[in-house]
2 protein chains.
Amino acid sequence: MPDRPTQILEAAARLIARRGVRGLRVEEVSAEAAVSTALIYYHFKDRAGLLRRTLEFISQRAVRYTDAALETSDDPRVQLLLLELQDVPQVKENSAAWGELRATAVFDPDLRELLAAATRDWVEDLAGLIRQVQEAGAGGVGADPYAAAERLTALAEGLSERWLSGTTSLQRAHELLRGAVETELGPA
Amino acid sequence: MPDRPTQILEAAARLIARRGVRGLRVEEVSAEAAVSTALIYYHFKDRAGLLRRTLEFISQRAVRYTDAALETSDDPRVQLLLLELQDVPQVKENSAAWGELRATAVFDPDLRELLAAATRDWVEDLAGLIRQVQEAGAGGVGADPYAAAERLTALAEGLSERWLSGTTSLQRAHELLRGAVETELGPA
């Protein structure tokens, strides 16, 4: 059983993935988490505080899901493909909530700093993986790891939104991402 | 002076770019367009009808902006770079509104079919440009034009959202997109 603040953040992420964040009221989160609104205000101060912590929570959870999936393979090239496109209900929920908070940051300056920091962390992690591929002699000799990581993560975000809005199938999104890794690093 | 329906669609696009589409009321569009709500209902039936036509309008306007910019260069490689990343107020407004409608389609099935059709048109246009590059002997010999176009447009969407949410500068977004075109098609 997660502690109360985690339980509240899980409920907030679930709601954001299901109905979006705009107009989301603290009362809805309280009903979803089965706790009082007072407890939410006690832990997160106000709605803005709750949203910022939820964005952080979603971003950290994405890292955990990716780390768990990474353990299924030692090949850094395979690991590059995971990104946020996984058809596991929890990962899909997380991608939807993360996408929604990204889209909302266009209108809500309050979310921007955290979004930029989380994006930077993700890009740096991926750039590290690309350097491993290069050092293992598995391709990408001429590539700038940071620029390639910026492109692959931005592409994953674009493809994730197409998948979640029904414009592209998950299988096609995977094919395109695999193609992008090959284009960036050359064939394995 | 644009006709009344166009004036209403322009006002709707402006509002969506500024404050998002969720919770947008027909009354706000009527105030922004300086027309009666009755006229909006007359032309668009209801809020859902207005949103669908606004999405179509934004998508067609994006094609017009791109066409206008295309005339500044005969080089299809240069034309590939334009996509939706242009720092012209009208184009920026259009990108913001388009991004918001994309993000909203995750929660609103009513927008999905139009979004998928508009995306398909855009991908096909770009695939045509890539074929021109190939036929002109200007690179991209081995590339699958349609897959490359799907990747470049999804990347442009991801980068556009990063630009509009303040995560990436427009200059960096352009550099990354230019790098992606070179990665897809080889150096010019």
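Given the protein chains as shown and a 1.4 Å probe, how many square angstrom of B:THR104 are accessible, to the nearest 10?
Estimated to the nearest 10 Å², B:THR104 gives 10 Å².
Find the sum over both chains of the accessible area lost when B and A are paired, probe 1.4 Å, and report it in Å² to the nearest 100.
3100
List residues of segment B:1-21, by number, whose backbone nitrogen lies under 19 Å from a label position 7 Å along Cα→C-beta of B:ALA31.
Of the residues in segment B:1-21, B:8-21 have backbone N under 19 Å from the label point off B:ALA31.
If R₀ is 30 angstrom, what is the calculated FRET efficiency for the pair B:ALA136 and A:TYR146, using the beta carbon separation as r and rounding to 0.05?
Computed FRET efficiency for B:ALA136 and A:TYR146: 0.40.
Between B:LEU39 and A:GLU56, how many nm apart are label points set 7 Å from Cα along the C-beta direction?
In this crude spin-label approximation the distance works out to 5.0 nm.
With a 1.4 Å probe and all protein chains left in place, how much accessible area per residue does segment A:54-185 have, in Å²?
Numbers: 5360 Å² over 132 residues.
Result: 41 Å² per residue.
Mean shadow of the protein assembly as shown, computed from the convex hull of its alpha carbons, in nm²?
Working: hull surface 78.7 nm².
So the Cα hull casts an average projection of 19.7 nm².
List the distances, in nm and shortest first, from the label point of B:THR37 to the matching label points in every other copy, placing each point 7 Å from Cα along the Cα-to-Cβ direction.
2.6
From the backbone phi of segment B:137-153, what are the Karplus-calculated ³J(HN,Hα) couplings (6.51 cos²θ - 1.76 cosθ + 1.60, θ = phi - 60°) in whole Hz, Gly and Pro given as x?
With coefficients 6.51, -1.76 and 1.60, one gets x, 9, x, x, 3, x, 6, 7, x, 5, 5, 4, 5, 4, 5, 5, 6 Hz.
With chain B treated as a Gaussian network of Cα nodes joined by springs under 10 Å, which of B:ALA116, B:ALA11, B:ALA127 yields the largest mean-square fluctuation?
Of the options given, B:ALA116 has the highest mean-square fluctuation.
What nm distances, shortest first, do you get from the label point of B:ARG18 to those in the other copies when the point sits 7 angstrom along Cα to Cβ?
Its label point is 3.4 nm from the equivalent points in the other copies.
Could you tell me the center-to-center distance, by alpha carbons, between segment B:144-176 and segment A:86-120 in angstrom?
Computed from Cα coordinates, the inter-centre distance equals 17 Å.
Compute the Kirkwood hydrodynamic radius of segment B:54-185, taking the inverse of the mean of 1/r over all pairs of distinct Cα atoms, and give it in Å to one decimal. Could you put the intermediate results ahead of the total?
Numbers: mean 1/r = 0.0661 Å⁻¹.
With all distinct Cα pairs of segment B:54-185 included, I get 15.1 Å.
When the accessible area of segment B:54-185 is split by element with a 1.4 Å probe, what percent falls to carbon and sulfur? Could the numbers behind the result be given before it?
Working: 2610 of 5350 Å².
Ligands and nucleic acids excluded, carbon and sulfur reach 49 percent.
Give me the accessible area of B:HIS174, 1.4 Å probe, in Å² rounded to the nearest 10.
50
Kindly write out, for segment A:155-161 in residue order, the coupling ³J(HN,Hα) from the Karplus curve 6.51 cos²θ - 1.76 cosθ + 1.60 (θ = phi - 60°), rounded to whole Hz, with x marking Gly and Pro.
5, 4, 5, x, 5, 4, 5
What's the extension gain from A:GLN171 to A:ALA117 if we count 0.36 nm per residue and subtract their Cα-Cα distance?
The span from A:GLN171 to A:ALA117 would gain 16.5 nm if fully extended.
The values are calculated or read from the model by the stated rules, or taken from the named source; none is laboratory data. What you see is a predicted model; the values in this text were computed from it and never measured. Counting neighbours? That spans all protein chains shown, and the Cβs are built from the backbone with ideal geometry, glycine included. To get the accessible areas, we keep the full protein, side chains included, count just its heavy atoms, and leave off ligands, DNA and RNA. Shrake-Rupley method; radii C 1.70, N 1.55, O 1.52, S 1.80 Å.
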